[in-house]
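Only one structure is covered here, and it is reproduced in the block below.
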Amino acid sequence: MLRLLAWLSLCSMLVLLTSCSDFDKEFTVQSANSTVEVYTDGTAFVSEHFDIAVKLAMNYGGVYVDIPQRFVDAAGGVHWRDFQLAAARRDGLDEYYSRENNVPGYSIYIGAEHCKDCSADLPAGLTKIQIAYWLGRLVRQEGDREVLFLPAYMGRVHGQGAKKTLTLKLPPGGTLRPSQQDRAAAYDVTRSAPNELLVSIPAGKGDRVLPDIEIEYPAGTFVTVTSGKRIQWWLSDHFLPFISILGPLIVGLVAILKFRPYWLVPAPSITADTKITQSISPALAAYLFRNWTADAGKAAFMASVCYLAVKRTLRISSLGEDAEASDLLAKQDRRKSKAGRAKWYDLPAATRLVFKGIAKEPSAGDRRRVKNARPDVRDELHRTVTEEYQKIRGKDRCSLAAAASILALGIAVASLSGLLIFSAAISGLLFVVFLVVTMFRDPERFPVATGTAEQFKQALGLMVGLPVMVIVALVYIGTTEVISEQWPYLMAILLHIAGIIAVLAMSRMPTSKQRRIRNNILSLNRYFHGEIDGPAMSVECYEHYLPFAVALNAEQRWTERFNLWRESEKMEAYAPDWRSSS
């Protein structure tokens, strides 16, 4: 026998869907009646009437009627019924209504509209609530027979002291199947007309799971279901589960694409790709070679100083920490292009920053201590190199699109499962935790208020706003019941939240272009040490790659190779014009 477990064995139940109201204190259900007219196309038109006694003048202003759509067939398959609202009335007049999604179906609010200029209270006394709607998919095939199945309507309604009645208007030729349970203890079924059944549900002390009503018909009584309709039903049956797992699937796809280059280990390079020196600054090479460690700043600074020297922007006495800079390019001459000197705007931003830092230092004659400028530009140099690295990275539109898609899917699952506010409360808690952790780990990301009023607002937000947000979220989570049908989708929503965090975390991973640049830097270091081939040695080659050798801590080895080459070429002493005497 078909059991509508997820329907809670009812087609409608009157419940209050807010923790701000106590239904039993404000309202009493005096009677509940329903009429179901079944048609030969397998659909039904349902009209339900509730007599509600409003006990308090101050009340929530309306009631919720739950219309379950989810049911489980005899084989355990989950299906959804078609639903279409026809009317919502109070005391015979069209009333304001709104609908909310839930896993079992819809919750229809009928009552006064909640708005700033509206009265949200129903008048005390007796009021009549009516709802009318269409239901579909009420027939299943069993061999050569067709079975019309209906849940025990009105099985769960607030106010168990009220008696419930259900009138079924059916197509002719049906035979009521005997229930496998003791139906007499649950409700009475009498034939009030040839094609009409009257179901009477007595008053009870609590909500009851009642047996279904099944009526057997000969084959051909109802309209044959087309293949297109079956496809439509199948899609509706699997839509919510599908979007529930689609988010984690997208996270898995992003992870595969992100980590795939790490699985494919490239073959060892036998020749250095020296083109990398034309696209990045020596300072960035220093940071990448040292994996952005704290000691990379010193190497980046000295590599930039060396780069300025070989580009004839200044002269240095040595490549050590005690080096002195002289003959700095005057500001009015930076726009001029002289032979052997690089154009000012062609220099990397990090290199120009180091030059300006050195130029600000006090000079003794024409000489300036290079190391004195490093503390002043250290932080700004790190930011400039980071910006250069981000420009190489470009915008990771795929990760952003994946995160946005997962967010949209999570919102859809939360909305359709009736867990939108619940999920928002959980997300609010996680956001507060993330905000607090970030404030302690990276306080520089949060601007410090200067004025007294701004400081007061900032303190008020931290000391009052965040705790209030946490308390409200915890109270809502603690007082809101999550029914059994919603738990799988709540887990799916949490997976979506975790997926968004994972995708955003993976978006910070180096892109393929950034990984390729770092691999080329490692190859360049091997070239400096003579382990792989590269450009043929010459004075121009030595000077061109010297700043990068300083950045990679290979300046001594690179100079030794250059000196060996000079000896083999019987070259006279090397005295570059970018070096000055100590």
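All of the numbers you see were taken from the coordinates with simple rules; none came from a lab. This one's a predicted model, so the numbers in the text were calculated from it and none came from an experiment. Neighbour counts are summed over all protein chains in view; Cβ atoms, including those assigned to glycine, are modelled from backbone coordinates with ideal geometry.
Give the Rg/Rh ratio for region 447-582, taking Rg as the radius of gyration of the Cα atoms and Rh as the Kirkwood radius, to two decimals. We get a ratio of 1.38 for region 447-582.
Cross-link reach is defined here as a Cα-Cα straight distance under 15 Å, omitting same-chain residues fewer than 8 places apart; for Lys55 the aspartates and glutamates meeting it are Asp22, Asp24, Glu26, Asp121.
At R0 = 45 Å, how high is the FRET efficiency between Leu474 and Leu85 if r is their beta carbon distance? Nearest 0.05 is fine. The calculated FRET efficiency here is 0.80. Only aspartates and glutamates eight or more places from Lys395 in sequence, or on another chain, were considered; those with a Cα closer than 14 Å are Glu387. Between Ala255 and Trp234, what is the FRET efficiency for a Förster distance of 41 Å, r being their Cβ-Cβ separation, to the nearest 0.05? With R0 = 41 Å, the Cβ-Cβ based efficiency is 0.85.
3J(HN,Hα) along region 245-254: 9, 5, x, x, 5, 5, 4, x, 5, 4 Hz, from the Karplus curve 6.51 cos²θ - 1.76 cosθ + 1.60 with θ = phi - 60°, whole Hz, x for Gly and Pro.
Peptides 494-505, 223-234, ordered by how many other C-beta atoms sit within 10 Å of their residues on average, highest first, read 494-505, 223-234.
For region 397-506, a crude dipole built from +1 on the beta carbon of Lys and Arg and -1 on the beta carbon of Asp and Glu, taken about the Cα centre, is about 220 debye to the nearest 20. Using a/c under 1.5 as the rounded threshold, could you call region 397-506 rounded, prolate or oblate? The axes a ≥ b ≥ c are square roots of the C-alpha gyration tensor eigenvalues, and prolate needs a/b larger than b/c, oblate otherwise. In terms of gyration-tensor shape, oblate.
Here the peptides 544-553, 422-431 are ranked by packing, the mean other Cβ count within 10 Å, and the order with the highest first is 544-553, 422-431.
Using R0 = 25 Å, the C-beta based FRET efficiency linking Asp322 and Glu380 works out to 0.60. Given the pairs Lys391/Lys457; Lys298/Lys391; Lys360/Lys457, which are separated by over 30 angstrom at their Cα positions? From the list (Lys391/Lys457; Lys298/Lys391; Lys360/Lys457), the Cα-Cα distance tops 30 Å for Lys391/Lys457; Lys360/Lys457. With a threshold of 29 Å on the Cα-Cα distance, the over-threshold entries among Lys258/Lys343; Lys169/Lys229; Lys25/Lys128; Lys128/Lys229 are Lys258/Lys343; Lys128/Lys229.
Backbone geometry of region 508-520 corresponds, through the Karplus equation with coefficients 6.51, -1.76 and 1.60 at θ = phi - 60°, to 3J(HN,Hα) couplings of 8, 5, x, 6, 4, 5, 5, 5, 5, 5, 5, 4, 5 Hz, x marking Gly and Pro. Residue-wise HN-Hα couplings along region 454-466, as the Karplus relation 6.51 cos²θ - 1.76 cosθ + 1.60 with θ = phi - 60° gives them from phi, are 5, 5, 5, 5, 5, 5, 5, x, 6, 8, 10, x, 5 Hz; Gly and Pro carry x.
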